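The structure appears below as structure tokens.
FYI, it's all coordinate maths here, none of it is from the lab. Only a predicted model underlies this, so the values are computations on that prediction, with no experimental measurement involved. Note: ideal-geometry Cβ built from the backbone for every residue, glycine included; neighbour counts use all protein chains shown.
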Amino acid sequence: MLAIDSTRKISFNRSISNGDLVIVYERHDNMKAVTVSEGSVLQNRFGVFKHSDWIGKSFGSKVFSNKGGFVYLLAPTPELWTLVLSHRTQILYIADISFVVMYLEIVTGCVVLESGTGSGSLTTSLARAVAPTGHIYTFDFHEQRAGSARDDFERTGLSSFVSVGVRDIQGEGFPQEFAGLADAVFLDLPQPWLAIPSAAKMLKHDGILCSFSPCIEQVQRSCETVQSNFSDIRTFEVLLRTYEVREEKMESSQVNGNGSNGSLPCKRRQCSGGAGVLTYPTSSVMARPCGEARGHTGYLTFARLK
Ligand SMILES: C[S@@+](CC[C@H](N)C(=O)[O-])C[C@H]1O[C@@H](n2cnc3c(N)ncnc32)[C@H](O)[C@@H]1O
């Protein structure tokens, strides 16, 4: 995760040490989290990689196997962690996470309450956003899930910014000790309307609540409940369209010296032979929408405490 040094400053310039978590990147759709351990090896279809070769290299380095195959060793940022974490529940992905962090106005020093913790996907980004002086208090009623999330925050180096509690937030609400202290409250619960009255008590004046729900019926019920204590109520659905960027072969074409041949899809063009003839390259970088774009994930309802 983020390297936070003894002065609690976030560092982006750190080399890999024994015991670090790294993201081993083969392709954008094939990554895994590995803890570096001096005597261990990673074995995959590209060969055998010795962890000892990784120690001392910068995050982002390309490393080679015994067969000359390679992978990249990336820093375990929240963006990558979300893609490799073990799914114990449904999780929030980058599009929703980024929107939540922005719209809840979460910055360094904020105190945020969250329930349920689930797989800790959102929590990881919340923790980075509030570090090094803020804190996330996250609650899940599933003890084993809470324990696994705690282990993950330890592994990703975020445990000093996150406390995981086991509690039925729909039944009991958030602990009274947080009343009036939260800058923001985030709910990802099956019946969020049951927790909203407690969330209102936890927020500071002008604090913001966000509730994530996959179904519109849940949104309607939550919106009814927030009306009594909150203003500025807004619901969003964030739809992400991913583009595939790749180099493609094209037929080469030529135009005359005035450079006109209608629309020009190529970005690069080369002048050949100094004869005023423009030759278009035989390959070009194209971007087009991915076939398997992620569709509906859920609705995000935001409301500000009156
Ligand atoms: C969909 S998951 C949350 C996923 C999380 N937002 C993430 O990004 O990884 C919902 C979680 O809420 C928890 N939960 C359900 N009802 C609860 C309740 N009454 N109190 C606390 N947690 C609850 C479940 O155990 C589950 O882990």
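So how much slack lies between Ser231 and Glu154, counting 0.36 nm per residue of separation and subtracting their Cα-Cα distance, in nm?
That pair, Ser231 and Glu154, stretches by 24.0 nm at full extension.
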Placing each pseudo-label 7 Å from Cα in the direction of the beta carbon, Glu38 and Glu224 end up separated by a distance in nanometres of 6.3
Multiply the residue gap between Lys306 and Lys62 by 0.36 nm, knock off their C-alpha separation, and tell me the result in nm, one decimal place. 82.6 nm
My understanding is that a pair violates if its Cα-Cα distance is over 26 Å; which of Lys67/Lys249; Lys32/Lys62; Lys32/Lys249 do that in this structure? Lys67/Lys249; Lys32/Lys249
Find the centroid of the Cα atoms in the stretch 153-205 and in the stretch 60-108, then give the distance between the two in whole Å. 24
Under 11 Å, Cβ to Cβ, from Leu73 - net charge with Lys/Arg +1 and Asp/Glu -1: 0
Taking the Cα-to-Cβ direction at Gln144 and at Met102 and moving 7 Å from each Cα, how far apart do the two end points lie in nm? 3.8
Glu177 versus Asn30, label points 7 Å from Cα toward the beta carbon: distance in nm? 4.8
Jot down the per residue volume, in cubic angstrom and as a whole number, of the convex hull over the alpha-carbon atoms of the stretch 3-76. 82
Summing Lys, Arg as +1 and Asp, Glu as -1, what charge do residues with Cβ under 14 Å from the Cβ of Leu203 carry, Leu203 excluded? -1
If Lys and Arg each add +1 and Asp and Glu each add -1, what is the summed charge of the other residues whose beta carbon sits under 9 Å from the beta carbon of Gly118? 0
